[in-house]
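Below is one structure, written out as structure tokens; the observations come after it.
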């Protein structure tokens, strides 16, 4: 019995030992060797910004020692290679490079002719290995990326309600990104794409750029409200009327003011538009005409000025592209000199300034702008009845009748605003230049000189505009109180009403930004689709012309000028570069290169002037109190006219080697002939052109007496 018990104990102990042994050595789980990161949304036959593949060991830890070159399916790499004879060739299916320190990153770089395509619904790395890595990819048709901008433009023209059109466009883009889920698309529209535009998040850091633009806009509206309530606006109009007593002089005054605020187009539009609007209203200049003059002057002067907030951005784009092209050849390039060289090739803003001056000086207009001017002069309606101007609150702010208007109530806030903007740009630019030069020194590069253009390029303009506009609005309240033109309570009420008047413009901006974000490379990649569709269809001689048209089309569709410049310069500049290399001429300031850069910059301005999605048209309409769509509809024919002249007497001849100095005089003559013989003065308007239709009251008047019916509307009201 004892022997049996001992045997049982030995057996149990053996079993327990076996269990513990198994517990101590669990089955080894092999993790996939590769982790693949791809965009959430991929267009068929359109390159993606980046694909990243990381290697891992059997324990699931990152393996920095992996430097092999495994077989990968679902990815295609297109590159431009240099031959032995110095020429270049394009390879549409190049060999993928090996891993480096455990990582393989494939980037699309248009400046170097490098494109990464995802060609299948699944990417597999080392498919024959048991630890192969794979990831499913959501791919769809490229034309879907055009739906949001086309829907926004189409609905705006059909419904004449840009808010609904933009919201529908954002919703449509969210539905596409949500893979057809309407409900999720609606939720993402509100909580991601709209709210996310007010305070953006980039790489885990918050970006308040858009919020500062919104507040800057509202603070300028608040300042205008206080100036109007305290009588400063009326005093300024009375004073300006002595020098600008006619409609033509009033329009020229608007342009003249715009030439002085050359350093920032946002400040130019809002300041000049809100300041000159009461004068042009008194002179019966339509709000649409004022918006055109302000929009064309501000954008053109900012694009042509050698010191402005645009300069730094443009030189930054040029520097990035040129470093990738000329830096690898050991050629040092002065991108500031290149920037200056492109100014003579910016035919659209140059011609537009002259065209705007011609229509303002002559009083001649045509098409939809002439109808708007006829309406304003004959009936006194400076904007279309029923128009959504957003300026109702400002228009209702009037000074007390028992208090004399005082010019100081307008001059002090404006001087404070301008002074603070100039001082702020210099201050932040100086600090930014020091920081930038420190980084360049650390990288072994020569420091930038302390010059006006380098200081402005390193400044923080949005922060400056935000703070300056707030302090200027406070100054308006203080001056109104000290001059006893309005009480503190009245001034604060006017401050709130002025800020409220800009709410409509702020809402338009947020929705337009949402559409632009949906169209960027990280989402629907609209520009990538357009670029890929145009590839292989560009001839060297026509590169400047096609760059101008293509930039205009992209800016029109997306509403974003800087996004367009940032995406198209890396396309057209390398295209021109490789053409010049084939001709054994790599001069970075070659006329064809300068023409291409100037055409791209100018084309974005043209596109934004025709687009209801652009910041340019939104700001101009808001500042001038014009209906946004009315501004776009009346400005577009003028913009297209100038664009055609820019092509015929600018970019087409440039492609054939003609100098701007030779072709520009012909363009100026053509514009003069257009304004003189196509345009007509508003004094030549007929009643049919002015009213467009006959109201019920006018029908009764026609029955009662033909003579009364034939008189102008203003005289009928006066006689009544």
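What follows is calculated from the coordinates using simple rules that are stated; it is not laboratory data. Keep in mind that what you see is a predicted model, and the values were worked out from it rather than measured. Every residue, glycine as well, gets a Cβ built from its backbone with ideal geometry; the counts of neighbours run over all protein chains shown.
The figures follow:
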{"quantity": "Between helix 591-610 and the chain: long-axis angle, C-alpha atoms, 0 to 90°, nearest 10", "calculated": "70 degrees"}
{"quantity": "Relative contact order for the chain, counting Cα pairs under 8 Å that sit 6 or more residues apart, in percent", "calculated": "18 percent"}
{"quantity": "Difference of contour (0.36 nm per residue) and Cα-Cα distance, residue 438 to residue 95", "calculated": "119.5 nm"}
{"quantity": "Inter-label distance for residue 88 and residue 179, nm, one decimal - labels placed 7 Å from Cα along Cα-to-Cβ", "calculated": "3.9 nm"}
{"quantity": "Projected label distance in nm at residue 661 and residue 681, using a 7 Å step from Cα toward the beta-carbon", "calculated": "3.8 nm"}
{"quantity": "Per-residue [θ]222 nm for the chain (sum of -39500 (n - 2.57) over DSSP H runs n ≥ 4, rounded to 500)", "calculated": "-19500 deg cm²/dmol"}
{"quantity": "Spin-label pair residue 140/residue 368, simplified geometry with 7 Å Cα→Cβ offset, distance in nm", "calculated": "3.0 nm"}
{"quantity": "Alpha-carbon centroid distance for the pair region 202-223 / region 128-197, whole angstrom", "calculated": "25 Å"}
{"quantity": "DSSP-defined antiparallel bridges as percent of all bridges, the chain, nearest 5", "calculated": "95 percent"}
{"quantity": "Nearest-ten-degree value, helix 367-379 long axis tilted from longest Cα axis of the chain", "calculated": "40 degrees"}
{"quantity": "Extended-chain gain in nm, criterion 0.36 nm per residue less alpha-carbon gap, residue 503 and residue 187", "calculated": "111.5 nm"}
{"quantity": "Length-normalised contact order for region 150-219 - Cα pairs under 8 Å, 6+ apart - percent", "calculated": "16 percent"}
{"quantity": "Computed FRET value (nearest 0.05) for residue 109 with residue 246, which takes r as the C-beta separation and R₀ as 35 Å", "calculated": "0.05"}
